[in-house]
Structure formats: C-alpha cells, structure tokens
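In what follows, a structure is listed as structure tokens, so that the remarks can point back to it.
The values are calculated or read from the model by the stated rules, or taken from the named source; none is laboratory data. What you see is a predicted model, and the numbers here were worked out from it, not measured in a lab. Glycine gets a Cβ as well: all are built from the backbone with ideal geometry, and neighbour counts include every protein chain shown.
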Amino acid sequence: MVTLAVLASLVIDMTTWSIGSTIEIAALLACAVFAWRPWVATILVVFVGLAATLVGFTPQLSLLLAVVSGLVIYACTAPLIAAYLLVAATLLMTGWAQGYIGGGGAIAISAIGLASSAVGVAIRRTVAARQRLEKDLARRERETEIAVRQERERMTDELHDIVAHNITIAAMHARALPLAADSTTRTTSLHAISEATGQALVDIRRILHVETGSDVRDEAEQPPTIAEVVEEVRSRLEAAGIPTELAFERAPDDEGQLSLNVATTVVRVARELANNVIVHAPQSQAARIAVTMTERKLTVSVWNDVPAGPASTERSGGYGIDRMRERARLADGEFDAAAVDGGWLATLALPRV
C-alpha cells in the first residue's frame, strides 16, 4: 500500500509539472505572437492565464504577464487591455493567497507591472501624438494645394480679363487701322487702342500689387457707380461701331452706389459682355443695355442683334460664359445667356445687399 501511495504521488507530481510547464511554454509562444498580431497574442495570453487559474498556478507566469503588460497597453484596444490586466491581477492575487508568492514577491511583480505599463502608456501617447501630427501635416498639405489651385484660378481669371477685354480689342483695332480709309476712323481706332492698352496696364499693375502685398491703391479699384459701369460698356460698343441704346430704371433718390463685391462682379461681367459682342458679333447693327435697380436687386441686360454674314474669326473656348456664370454665383446672383428676338441676350442679376 505504501508503494502504491508513493507511485501515485509521483504520478501526480509529474502530471502537475507537465501541466505547469505546458502553461509556461504556451504563455511564451503567445507572447511571441505579439510580433505578428498583438491583439491575437493578448487573447491567447488571457486564455493561458485563465487556464493557469483553473489547473494550477506558476509564479513565472505571473511575472511574465507583468512584463508583457506594457506591450499590451501600447498595442491593443481598451477592452483587451482591461481583460488582460484583470487576468494578470487575478493570477497575482491567487498566487499570493495560495502561498506560491510571498508578500515581497507580489510587491516586486506589481512594481514590474506598473513600470511596464507606464512605458506602454508613454509609447502609446508618443505614437498617438505622431499620428495626430501626420494627420495635421496631411491636412495642411491639402489646404495648401487647395489655396494654390484657387490662386491659379484667380490668376487665370485676371489674365483672361486682361487678354480678352483689352488686348483683344487693341489687336482688332490695330489690324483694322491700316485699312481705315478716313482720318475719323483712324482716330477712333487709335483712341480705342490707347484706352484698351491703358486699362490693361492698370489691371496688370493691380495684379502685381495684390501678389506683392503692396498697399498701393489705384483709382480704378474704388467701387464705381452703376452709371459709370454702363457708360463704359456703351462707350466700348460704340467705339467698335455698334450703335447702343441705354435704358436705365431706378428710384430718383438712388445714386447707384454699389458694394465693392457687387461692383467688381458687374464690372467684370459687363466688360466680358461688351467684349463678346465686339469679338464674336462685329457686324452687329444694334445693341441695347438695360439696367433695373431696386432697393435689393440689380439687373443688367445686354442684347445685340446677330446679322447674317461671315462669322468672326476669333476663336472662343466658352471659358468666358462659364466664368461669368461662376462670378454671379459667388456674388449670390444669377447669370443667363440665350438667343432672343433675333439676337443674343445676356442677363446678370445680383443682390445689392
């Protein structure tokens, strides 16, 4: 009987040793999985810890969990971190309660766990700060790209206005100048060339002032009245030999003052409309400008007839129409252009406030 008892005790000791060793090896393998998938390794370690609690406790496993806690805190989500720390604390308390770990050992393991956790928290915060910095840099790069694109579009608009409104008119009159048969026509063409090139210089100077941040202001940048804008358009059309009728409707006490935003939009669109008539319908025999002003709304319409004859040789890519519509939209207004009454009618409607 004694022999049987001794043999049974040896078998039990060997079985306990085998299970403990298996748990320790499983824990080490689970920790190795951190190099592949931290969250998978954390789940495996948690299950190994639960198994150790059920079949027997090993102090080495508790120490291992304390060391790995920093890696878990760094790499895993909050639920996994909470589960891991709960299992690690349970194993430590079980070992201390069952006498496997003394009071000093429990304190040492706890200190190691706290130190490892502090390192994990510090690394996690550093990585999070770096990620926030990378996102912020990426956002700023996108904002810079958008700003550069918008600036390019603005410069394109400015150059389009200069070329289409002024240089094109000057070029047309310059080509027609040698063919002028009388001095009156030559004088008109020379005057038109002088005005167009002068306005081009003013616009270029204004662009340079904006680009260099200069505080210099030109008179042309002051908000004009609607009467001044309409008179400029009428003068351009009549200088090109197109008789122009003007219709103006407004209250007697309305001086026609416009805000800078509205005035800028009206000037750009009105010049574009006049230029379109001159360039694309040079044989027009009549044009009409109609302006209606109320307390809250300004409407400007430009109509010209489209007589039969050879088409203009000037090429257009449709950019001007698109930009006029876009300018009106940015000023909370509307722009429309269509064939009406044997001619072409373009209408700009803007709020005055």
(request) With respect to ALA106, determine if the residue is part of a helix (DSSP H, G or I), assigned by TED's automatic domain parsing to the domain that holds LEU61 and either over 18 Å from LEU71 (Cα atoms) or among the hydroxyl-bearing types (Ser, Thr, Tyr) (or both). (result) no
(message) Within the range 164-186, take every residue that is assigned to a loop (DSSP other than H, G, I, E, B) and of a type in the set (Gly, Ala, Ser) and give me the one that is farthest from LEU201 (Cα to Cα).
(response) ALA181
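From the set of residues in the range 235-254 that are in a loop (DSSP other than H, G, I, E, B) and within 13 Å of ILE169 (Cα to Cα), which is nearest to the chain's Cα centre (by Cα)? Break it down stepwise before answering.
Of the range 235-254, the ones in a loop (DSSP other than H, G, I, E, B) are 240-243, 250-254.
Narrowing further to those that are within 13 Å of ILE169 (Cα to Cα): 240-241.
Numbers: ALA240: 44, GLY241: 47 Å.
Looking at the filtered set, the residue picked out is ALA240.
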(message) If I filter the range 203-226 for residues that are surrounded by 18 or more Cβ atoms within 10 Å (Cβ to Cβ) and either modelled with pLDDT of 85 or more or not in a helix (DSSP H, G or I) (or both), do I get at least one hit?
(response) yes
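Collect the residues in the range 255-269 that are in contact (Cβ under 8 Å) with a residue 60 or more places away in the chain and under 18 Å from THR168 (Cα atoms), keeping them in residue-number order. Don't jump to the end; show me each part of the working.
Taking the range 255-269 and keeping what is in contact (Cβ under 8 Å) with a residue 60 or more places away in the chain, we get 258-259, 261-262, 265-266, 268-269.
Selection gives ARG268, VAL269.
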(message) Yes or no: the range 137-157 includes at least one residue that is farther than 27 Å from THR77 by Cα, surrounded by 14 or more Cβ atoms within 10 Å (Cβ to Cβ) and not assigned by TED's automatic domain parsing to the domain that holds ARG271.
(response) yes
(request) Might you check whether a residue that is surrounded by 13 or more Cβ atoms within 10 Å (Cβ to Cβ) and at pLDDT 85 or above occurs anywhere in the range 304-312? (result) yes
(request) Determine, yes or no, whether SER69 is surrounded by 17 or more Cβ atoms within 10 Å (Cβ to Cβ), modelled with pLDDT of 80 or more, assigned to a helix (DSSP H, G or I) and polar (S, T, N, Q). (result) yes
(request) Report whether or not ASP332 is over 29 Å from ALA176 (Cα atoms) and either in contact with a Cys (Cβ under 8 Å, 6 or more places away or on another chain) or at pLDDT 85 or above (or both). (result) yes
(request) Name every residue in the range 262-295 that is modelled with pLDDT under 85, charged (D, E, K, R) and either touching a Leu at 6+ places or on another chain (Cβ under 6 Å) or more than 22 Å from GLU326 (Cβ to Cβ) (or both), in order of residue number. (result) GLU295
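Looking at the range 91-140 only, could you name the residues that are polar (S, T, N, Q) and modelled with pLDDT under 80?
Once the filter is applied, which keeps residues that are polar (S, T, N, Q) and modelled with pLDDT under 80, the range 91-140 yields THR94, GLN98.
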(message) Here's a check for you: in the range 255-289, which residue that is more than 31 Å from the chain's Cα centre (by Cα), of a type in the set (Val, Ile, Thr) and buried (at least 22 other Cβ atoms within 10 Å of the Cβ) is farthest from ASN166 (Cα to Cα)?
(response) ILE289
